[in-house]
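The values are calculated or read from the model by the stated rules, or taken from the named source; none is laboratory data. Since the model is a prediction, treat every value here as computed from it, not as a measurement. Cβ: placed from backbone, ideal geometry, glycine included. Neighbour counts: every protein chain shown.
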Amino acid sequence: MQTPWWRLAYAGRMTRETEEHIALVALLRTLAKGERWATVTERVLERGSARAVWQEKTSDALVPDPSLAAEFDQATLDVNAWITAGRQMVGILDDLYPTRLREIHQAPPFLFAAGTLLSEDPAIAVVGSRRATPRSLDIAGSIASALASEGITVLSGLAAGIDAAAHTAALEAGGRTVAIIGTGIAQQYPAVNRALQLEIEQRGLVLSQFWPEAPPQKHNFLMRNAVMSGYGRATVVVEAGEQSGARAQARMAVEHGRPVVLTDQVVAANEWAKKLLGRPGVLVARGMNEVMDHVRRALDRERKVGRLLDDLVGAGL
């Protein structure tokens, strides 16, 4: 018979955080028909504990469901194996879970991290086409270098093209860069960026919202774009086609209330970009200086809002 997590806890065999992670994994693997991961995320946030949600799920039955017990046992084995392998798992209730990411409705229930994870990270996403022109690659590198020189984290998705150029330039400038990937944390994709991914793990941060061994799948990358938008303070689109992931991220950023900076070449070349003009927070940059001006203003507005909220909390309002 399965030994419940609370007995293990009393025996001093696991931490409360580990118990929460086991319960969260078990919940995600035992979804009822029609439920999605977002359903679990909402319930865990509402109750403030994955363990409490799991206990509610399993305590109503007169006869214990052996399949639930088996899934809980497997979750226990997996979480402990990840710990042994040095995989850092962060649940949505953990203190290190990125604060801004928790605000969006696509917030993943967990993340796996390799590198230095900060709950508060002033990051700007720099994104664009995988098959970018040499000029656009230079622009992405220049933007990333400028951001890094001002202590701003460069955020991107570790894809070929604009993403890789932004990550590389940030590292070369001695700055921090964060890669949010569309595979499990144990994978390196695309293979050409394997060395870059390993360097980011050493000097910045790689994040994944998928199980550690998850392979690349098409729908993963749109999910990754949503997380990039949520994690970042703003998104800068350097170059993007009509069907690119950067286009999807720009739309998600608008939905999330994050500023979107489009280069003038993106607007000139794409109908989707023209249609975004006039939406709240959508800005056009006609050169490097305008990109940085937009970014500085966005970060300054956020700092002012943060100070206002701190003052209201301090006043007990």
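Counting only residues that are of a type in the set (A, V, I, L, M, F, W, C) and over 28 Å from the mean Cα position of the chain (by Cα), which one in region 62-93 is modelled with the lowest pLDDT? Let's see the steps before the verdict.
From region 62-93, those of a type in the set (A, V, I, L, M, F, W, C) are 62-63, 68-70, 72, 75, 77, 79, 81-83, 85, 89-90, 92-93; that's our starting set.
Next, only the ones that are over 28 Å from the mean Cα position of the chain (by Cα) stay: 62-63, 68-70.
Numbers: 62: 60, 63: 64, 68: 91, 69: 89, 70: 93.
If we take residues in region 62-93 being of a type in the set (A, V, I, L, M, F, W, C) and over 28 Å from the mean Cα position of the chain (by Cα), then 62 is modelled with the lowest pLDDT.
Kindly check whether there is at least one residue in region 94-106 that is without any contact (Cβ under 8 Å) to a residue 40 or more places away in the chain, more than 11 Å from the chain's Cα centre (by Cα) and outside any strand (DSSP E or B).
Within region 94-106 (the criterion being without any contact (Cβ under 8 Å) to a residue 40 or more places away in the chain, more than 11 Å from the chain's Cα centre (by Cα) and outside any strand (DSSP E or B)), the answer is yes, since at least one residue qualifies.
Closer than 17 Å to residue 108 by Cα and out of contact with any Gly (no Cβ under 9 Å at 6 or more places or on another chain) - does that describe any residue in region 169-181?
No: region 169-181 contains no residue that is closer than 17 Å to residue 108 by Cα and out of contact with any Gly (no Cβ under 9 Å at 6 or more places or on another chain).
Determine whether region 176-186 contains at least one residue that is touching a strand residue (DSSP E or B) at 6+ places or on another chain (Cβ under 9 Å), closer than 12 Å to residue 112 by Cα, of a type outside the set (Phe, Trp, Tyr) and surrounded by fewer than 21 Cβ atoms within 10 Å (Cβ to Cβ).
Looking for residues that are touching a strand residue (DSSP E or B) at 6+ places or on another chain (Cβ under 9 Å), closer than 12 Å to residue 112 by Cα, of a type outside the set (Phe, Trp, Tyr) and surrounded by fewer than 21 Cβ atoms within 10 Å (Cβ to Cβ), one finds at least one in region 176-186, hence yes.
Looking only at residues in region 219-260 that are surrounded by fewer than 24 Cβ atoms within 10 Å (Cβ to Cβ) and acidic (Asp, Glu), which one is nearest to residue 110 (Cα to Cα)?
For region 219-260, the residue satisfying everything is 255.
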